[in-house]
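The structure under discussion appears below in the form of structure tokens.
The values are calculated or read from the model by the stated rules, or taken from the named source; none is laboratory data. Since we're looking at a predicted model, the values are computed, not measured. No Cβ is skipped: glycine too gets one built from the backbone with ideal geometry, and neighbour counts run over all protein chains shown. In case anyone asks, the SASA skips ligands and DNA or RNA and just uses the protein heavy atoms, side chains included. Shrake-Rupley method; radii C 1.70, N 1.55, O 1.52, S 1.80 Å.
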Amino acid sequence: MTLLLLIRHGRADAKRNRLYGTTPGIHLSDEGRDQATRLAARLSAVRLAAVYSSPFERCLETAEAITAGRNVDVKIVSELGEVDYGEWTGRTFAALGRTVVWQRVHQLPSSVRFPGGESLKEVQDRGVRALEGIASTHRRGVVAAVTHGDVIRLALAHYAGIHIDLFHRLVADAASVSSVELTDGPPRILRINDTGTLADLVPT
């Protein structure tokens, strides 16, 4: 039995009104580093057999916080990387919101390929393939995979048997932990979007 921890990186140091996606050089913000430190403390009692990460800085920095003080190296898996938004990378959400494709992304995401980039089905396929490969390498124990929000939500949709058009109903906040137990039988989702706090339930 493999227990996969699907961990979203801490908050990034980037303008929140832009789709930065695969833009290089996006690091954790001060808040994100604090989130990663607190996440590491929450996981301190969990014996991790391995830690895998997306190649992007914000994920690697989160993974490095988790492995600090552990005899575990961070292994990079490119298939855990962020969605390739193609020509949309770096554009503002205000500009994207005026396009027909943006509306389809939220209504029928399975029908969309980002201009010059990936489709969400391709992201789901590569993400699940990477996680299955990790699980086959570690037949027992707990393994962490530090990746991005949409990659996590698409993987959870796959394991829950939810159509990709409904994946927006799932949430993966910054520095959250979701977990999936993989055995020879059906997968079991043990938790989703666990941040160790109830702060997200307080109206803003």
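Figures for the structure shown
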| item | result |
| --- | --- |
| Odd one out for Lys15 among (1) assigned to a loop (DSSP other than H, G, I, E, B); (2) under 15 Å from the mean Cα position of the chain (by Cα) | (2) |
| Among (1) part of a strand (DSSP E or B); (2) more than 14 Å from the chain's Cα centre (by Cα); (3) under 24 Å from Glu61 (Cα atoms) - the single one Ile134 does not satisfy | (1) |
| Residues of the range 154-204 satisfying the condition of being among the aliphatic types (A, V, I, L, M), loosely packed, with under 11 Cβ neighbours inside 10 Å and outside any helix (DSSP H, G or I) | Leu198, Val202 |
| 1 or more residues under 17 Å from Ala172 (Cβ atoms): qualifying helices (runs of 4 or more DSSP H) within the range 41-125 | 57-67, 100-107 |
| Check on Ala144, under 23 Å from Arg33 (Cα atoms), assigned to a loop (DSSP other than H, G, I, E, B) and not β-branched (Val, Ile, Thr) | no |
| Within the range 1-12, considering residues that are of a type in the set (A, V, I, L, M) and part of a strand (DSSP E or B), the one nearest to Glu61 (Cα to Cα) | Ala12 |
| Filter pass, Thr22 being modelled with pLDDT of 95 or more and part of a loop (DSSP other than H, G, I, E, B) | yes |
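Yes/no per residue for (1) touching a Leu at 6+ places or on another chain (Cβ under 9 Å); (2) at pLDDT below 95; (3) closer than 25 Å to Glu122 by Cβ; (4) open to solvent by less than 60 Å² (accessible area, probe 1.4 Å):
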| position | (1), (2), (3), (4) |
| --- | --- |
| Ser29 | no, no, no, yes |
| Thr37 | no, no, no, no |
| Ala40 | no, no, no, yes |
| Ser53 | yes, no, yes, yes |
| Ala68 | no, no, no, no |
| Ser78 | no, no, yes, no |
| Glu82 | no, no, yes, yes |
| Gly90 | yes, yes, yes, yes |
